[in-house]
Structures are given as C-alpha cells and as structure tokens.
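Peer 1: I'd like to ask you about the structure that follows.
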Amino acid sequence: VDTSRWPDETRETIRNVEHLNVFLTYFADDPTAPVFDTYLSMLETVFQRRIERNGDGAAELSYEIASAMADSEELWVARARFEDPNHAIEQLLAAGLLRTTPDGKRIGFRHQTVFEFVRARDFARGRAGLADWVLSNQEAVHVVRPVLWKALAYLRDADPGRYAQEVARLWNAQTLRPHLRWILIAFLGGLHDPRDEEARWLLSMFDSEDRANLRRKALMAMTGSPGWFERLRSRLPGLMSGSPSISRGIEARCSWIS
C-alpha cells in the first residue's frame, strides 16, 4: 500500500493501534485500498464489503447482538441466544467482526469501537430512536456515552435530517443528565465546520448568564476550530468583558490563532 500521498487526516487515523489493526486486517493486501479520513469510514467499508454483500442475515444479526449488549450493559453475550439455520453468526465470525471466548460459549465484537459502530449504524436505519434510547438509559454511563458519540458522528454524515432531529430532542430535553449534555457540547464544539443548526444549539448557551459553567466547557471544546471561531467572532468582545474566568479562558483557548 502506497501511503506517500495519504492526507494528514488518514495518517492520524491510522496512528491509533486499533485503527491500524483494522486496516492491516482488511486492506493491507489491497493495492487499491481506499483512503480513509476517519475510523468510521473504514468500518463502514468493512461492513459493506464483508457483511452486507453476503445478504441481510448477517447484518441483521449484528444489529441484534449489539442491541442485546446495550440492553445488558455487557460486551459479551451467550452465543446460544443467536444461533440460526442460516449460519449468519459464522459469517460474522469469519469476517472478523465477532470473536468468541475460549470455550466458545460467548460472543463479542472484535473491539468495543466495533460494537459502538454497529449500534450507531442500527440507529441510522431509523428502526430505533437515538434520543429515545439515550433518555431511557441515562444510568448506563459506560455504554451510552461512547455509543452516543459514535451515533452522532455516523448520523451527521449519513442522515443529516435525522441527525438534526435526534440532537434537537436531546438538546431540549429537560431531563438530560449533565454528563450526557457535556457529551453533546464536546461533540458539537469539536466540529471544524459547524452547521447553522449546530451553531444555534451551542451558541444559545452564551445568551444566558446562568450557564457560565456550560459556556466554559463549550469554549474548551471549540479550541482549534476555525469554524467556531468565525461563529464566535462577533461575540468575543462581550465575552471578554464579562466573567474574569471566562475572559482568561478565551485568551488561553484562542491563543492558537496567533
């Protein structure tokens, strides 16, 4: 594989050990391997080539397994629950997306990030609502937080309309727990090209004096984003003349511009 012309985004993606592992497993012998700018795009290609191409059975089973894991808050489930006459589970094992425990009695995805990807892809199909699931499982911190992040990233690219609906519902939910609201803030603030509706959500926090803590978190999340800097440009003088702690935070977090 000739990596000499890879863009920086691809190089950064492959530097992660698990990402490199996936690339070597599925693309190292392919001289025409796609150039991936994100890990999600790599997993999407693997899923389409190794799972969907073999029919709906294996894909549907992967969604069922991911859903069962999310419900049980476990990354391993009993293999006997998913045996089927079409041997779809064998296809998932042969494709390398699933693995078994040494005794063969339990199955799990090859890595937690693959579980999160499959769960996110299931939400993108529209058969289950992301916001409904998050609001109903807010106590399951270790499962909900990473799945929410992956699902937001996947939906934003795959189905912008549904993404906007799901985020709006979560953003406006009065019962959303603080740790999940911080996930939304961090995700939106980390975008380099925020859209109009994303700007409305995040910048709404700068219009209320009682949300100073959330404003600080938003400013931290926006660090290094030229898109957010442009969105904030007209507000910076007012923010700088406000709370001393926020002013110091803006100075520190916008210093990268110079």
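Peer 1: Mean 1/r over all different Cα pairs, inverted: what Kirkwood radius does segment 9-61 give, in Å? Let's see the in-between values first.
Peer 2: Details: mean 1/r = 0.0853 Å⁻¹.
Here the Kirkwood hydrodynamic radius works out to 11.7 Å.
Peer 1: Can you give the accessible area of ILE51, probe radius 1.4 Å, in Å² rounded to 10?
Peer 2: We get 0 Å² for ILE51.
Peer 1: When only alpha-carbon atoms count, how far does segment 125-169 stretch along each of its three principal axes, as whole angstroms with the largest first?
Peer 2: 28, 18, 16
Peer 1: Okay, moving on. Tell me the per residue accessible area of the chain using a 1.4 Å probe; a whole number in Å² is fine.
Peer 2: Working: 13310 Å² over 258 residues.
Here the per-residue accessible area is 52 Å².
Peer 1: Can you tell me the mean projection area, over all orientations, of the convex hull of segment 161-203's alpha carbons? Units nm², please. Please list the in-between numbers first.
Peer 2: Values: hull surface 11.8 nm².
Quarter of the Cα hull surface area: 3.0 nm².
Peer 1: May I pose another question? With only Lys, Arg, Asp and Glu charged, each at its Cβ (+1 for the first two, -1 for the last two), find how big the charge dipole of the chain is about the Cα centre; round to the nearest 20 debye. Don't skip to the answer; put the middle values down first.
Peer 2: Values: 34 positive and 36 negative charges, 158 e Å.
The dipole magnitude comes to about 760 debye.
Peer 1: Calculate for the chain the 222 nm mean residue ellipticity that helices alone would give, adding -39,500 (n - 2.57) per DSSP H run of length 4 or more and normalising by residue count, nearest 500 deg cm²/dmol. Mind dumping the intermediate values first?
Peer 2: Numbers: 15 runs with 158 residues, N = 258.
Rounded to the nearest 500, the figure is -18500 deg cm²/dmol.
Peer 1: I'd like to know which of GLN91, HIS111, LEU135 lies farthest towards the positive end of the charge dipole of segment 88-140, counting +1 on Cβ of Lys and Arg and -1 on Cβ of Asp and Glu.
Peer 2: GLN91
Peer 1: Whole-Hz ³J(HN,Hα) for each residue in segment 4-19, computed from phi via Karplus 6.51 cos²θ - 1.76 cosθ + 1.60 with θ = phi - 60°, x for glycine and proline: what do you get?
Peer 2: Values, residue by residue: 5, 9, 5, x, 4, 4, 5, 4, 5, 4, 6, 5, 5, 4, 5, 4 Hz.
Peer 1: If you don't mind, there's one more thing I want to ask. Mean shadow of segment 18-145, computed from the convex hull of its alpha carbons, in nm²?
Peer 2: Details: hull surface 34.3 nm².
Directional mean of the projected Cα hull area for segment 18-145 stands at 8.6 nm².
Peer 1: Something else: Scan segment 94-168 for trypsin sites (Lys or Arg not before Pro) in coil per DSSP, keeping those whose Cβ has at most 15 other Cβ atoms within 10 Å, and list them by number. All intermediate terms of the calculation are to be shown ahead of the outcome.
Peer 2: Working: sites: ARG99, LYS105, ARG106, ARG110, ARG119, ARG121, ARG125, ARG127, LYS150, ARG156, ARG162; in loops: LYS105, ARG110, ARG125, ARG127.
The qualifying sites are LYS105, ARG125, ARG127.
Peer 1: Report the calculated FRET efficiency for ARG81 and ARG177 (r = Cβ-Cβ distance, R0 = 41 Å), to the nearest 0.05.
Peer 2: Details: r = 30 Å, r/R0 = 0.74.
The formula returns an efficiency of 0.85 here.
Peer 1: Run the paramagnetic zone check for GLN112: 7 angstrom along Cα to Cβ, then residues of segment 40-82 with backbone nitrogen under 14 Å.
Peer 2: Within reach of a label on GLN112, which here means backbone N under 14 Å from a point 7 Å along Cα→Cβ, segment 40-82 contributes 70, 73-76.
Peer 1: Also, I was wondering about something else. Please report, as a whole percent, how much of the solvent-accessible surface of the chain comes from carbon and sulfur atoms (probe radius 1.4 Å). Walk me through the intermediate numbers first.
Peer 2: Values: 6500 of 13310 Å².
C and S fraction of accessible area: 49 percent.
Peer 1: Around ALA128, which amide H atoms from residues at least 5 apart in sequence, or from another chain, sit under 5 Å from its own amide H, with H modelled in the peptide plane?
Peer 2: For ALA128, no residues qualify.
Peer 1: Same structure again: Averaged over all directions, how much area does the convex hull of the C-alpha atoms of the chain cover when projected, in nm²?
Peer 2: Values: hull surface 64.6 nm².
So the mean shadow area of the Cα hull is 16.1 nm².
The values are calculated or read from the model by the stated rules, or taken from the named source; none is laboratory data. This one's a predicted model, so the numbers in the text were calculated from it and none came from an experiment. Methodologically, a virtual Cβ is constructed for each residue, glycine included, from the backbone with ideal geometry; neighbour enumeration extends over all protein chains shown. Side chains are part of the model used for accessible areas, which takes the heavy atoms of the whole protein and leaves out ligands, DNA and RNA. Shrake-Rupley method; radii C 1.70, N 1.55, O 1.52, S 1.80 Å.
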